[in-house]
1. By the gyration tensor of its Cα atoms, with a ≥ b ≥ c the square roots of the eigenvalues, what is the shape of chain B: rounded for a/c under 1.5, prolate for a/b over b/c, or oblate?
2. Testing the spin-label approximation: label points 7 Å from Cα along Cα→Cβ at B:A252 and A:E157. State their distance in nm.
3. With the dipole of chain A worked out from charges on the C-beta (+1 for Lys and Arg, -1 for Asp and Glu) around the Cα centre, which of A:C126, A:N88, A:Y181 lies farthest toward the positive end?
4. Taking the square root of 5 times each eigenvalue of the Cα gyration tensor, what semi-axes in Å does the equivalent ellipsoid of chain A have, largest first?
5. According to a simple spin-label model (label point 7 Å from Cα along Cα-to-Cβ), what is the distance in nm between B:R264 and B:E152?
6. How charged is the neighbourhood of A:C36? Take every other residue with its Cβ under 12 Å from the Cβ of A:C36, and add Lys/Arg as +1 and Asp/Glu as -1.
7. Grab the Cα-Cα distance for B:N306 and B:K123, subtract it from 0.36 nm times how many residues apart they are, and report the gain in nm with one decimal.
8. Within a Cβ distance under 11 Å of B:V392, other residues only, what is the Lys/Arg minus Asp/Glu net charge?
Amino acid sequence: MRKKYFVQFILLLCSGMFSGVILAATPSASMLANTCVGCHGPNGSSLGPASPTIAGMSKDNFIEIMTAYQSGERPATVMTRIAKGYTNEEIELMADFFSKQKFVRQKQKYDSGKAKLGKKLHKKYCEKCHEKGGSSAEDDAGILAGQWEPYLRYSMEDFTKNGRKMEKKMKKKMGALQKEYGDKGIDALINYYASQN
Amino acid sequence: MFNINRRDFLNLAGGTAIVSTLGFPMVSFGASKRVVIVGGGIGGATAAKYIRMADSSIDVTLIEVNKHYHTCFMSNEVLAGSRNLDSIKFGYSGLKKHGVNVVHDLVTGIDPVAKKVSTKGGKTFSYDACIVSPGISFNWDSIEGYDAKVAEKIPHAWKAGSQTGLLRNQITSMKNGGTVVIVAPPNPFRCPPGPYERASQIAWYLKNNKPKSKIIILDPKIKFSKMGLFTAGWQRHYGYKSANSMIEWVGADDGGEVTKIDSRKLIVSAEETFKANVLNVIPPQKAGKIAFAADLVSSTGWCPVNHQTFESTRHKDVHVIGDAAMASPLPKSGYAANSEAKVCAAAVVAKLNGKEAPAPSYINTCYSIITPTDAMSVAMVYRLADGKIAKVKGAGGLTPADASDAMRQREVDYAHSWFKNTTHDVFG
């Protein structure tokens, strides 16, 4: 036994990993993505009822969100804890993987009257950054169209009530929307995005 | 004779699949690689699907005795009446669509030398790689008076399905003012927070339907999973630690270890004796029966495995995943089984294609729901370090003790989302 341990010790010295732990190589993108789909659905398109679809989002947007979870800048239930489990390189691989997947929308309940108002409000306050009715990924602003309603509601709560950080432009627009339409305006927007299926 | 290398073979195999869908007869170049999967629970079903998705030239047979699988996760919501038994029931048609050959039979033996699996129905299946996902079995001799026969009347409900239904019926038939006694198991066991979520869910039903009733948990342990969060939740909702608390936990230090039950009178003997109106005994556990028959178990009662490939350290080309595998620090949870299955599937596919096992990544997230609007979770990301599964430092952990009511309500929604997406990932 002693001899065996001695040999292992010498091997460790030679490998230059004496003080460190020998980590396996970086996992592949699909191996990493496999750890996401249990909550975020097949290829990142969630079957609901609340966890968001992450398929089709832009690479930059994905990286920005994961970094904000890691730092705690963005609030979450489990994602603040889970994001810390991945290196920058791993996050980039996942970002690349999900950016290439199709955002598959599911039918959701919504109020058509509210959705109609929401469409109008979206054009006025949101479309400039969340392009094409909130369905574009290219704007790096996050896909809203067809996103799960409870998730949209929670996000809006975080922005309006829980102090989640907004970009300057968004803060201005959100303030204007709330001043003019109050919580009804927010509710209308959520119904509009949920109506897009 | 054809002289083709492996890559050509894969290309050709893919090509023939396309041809065959056009109505031409399937052309087969030599024998394809065969994987036999024993057990159609979370681990087995996930492995079958992920092997087929990664390499459709591999012939995958999954052998499972039951036509349906009831998930253990969310089965406590059935006890509360928040969902019905059918909502946790899954079949194998989804796997068949992925080209998995599903056989309903009971595996009785695995011959690691001849590389053959044999069944009760008298069939044998040859394999290049075998993946065993045997789940758990019970140590029936550890509590006097409780065995498989008694369990037909006094449920363990630790394998979901008819046992869950039986326990639900007993709870709904119980008088207001009755006592439910839950006998918790010693470590290690399937679903560490499960007994305590169960107490919470039964308490929810009793609070709303039979508020004079009580739940006593008798535990051979001095502490349990998510203990601080559970007891805080019980204080919020069920008067825990007050004079008329609905839930009482008796740990090992207070004489909670049960040695005997009287199944006729429903009397439970720990340091003191307790009279139950409904009794739920969750016995001590070990790897599923087939793991013992196939000599995959160490003296611990569980199956030692290589943490990168889940290949048994006892028998070559036989892999063990799920609750039966010794994969600590991964817990014995459904989501861990799902994660292990994906890592194992990737390793098996690589090996059958003459490649090295890929670098793994593992995850676990476990939700515990204590009322329909209050849940908490534990999460962790794992990687391989020094050949062993290791927690990523700084990652994971519990729902914060000071999480707001709103955040705990969100956790319920995300728990249900996890259920929907994960069960699709496994069976869809």
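Please treat every number below as a calculation from the coordinates, not as lab data. What you are looking at is a predicted structure, and each value in this text was computed from that prediction instead of being measured. We place every Cβ from the backbone using ideal geometry, glycine too, and count neighbours over all the protein chains shown.
1. prolate
2. 4.0 nm
3. It is A:Y181, whose Cα lies furthest towards the positive end.
4. For chain A, the semi-axes come out at 43, 17, 14 Å.
5. With each label point 7 Å from Cα toward Cβ, the separation is 1.8 nm.
6. Details: positive: B:K342; negative: A:E90, B:D425.
That works out to -1.
7. Full-extension gain reported as 62.9 nm.
8. Numbers: positive: A:R81, A:K84, B:R383, B:K391, B:K393; negative: A:E90.
That sum, taken over residues with Cβ under 11 Å, equals +4.
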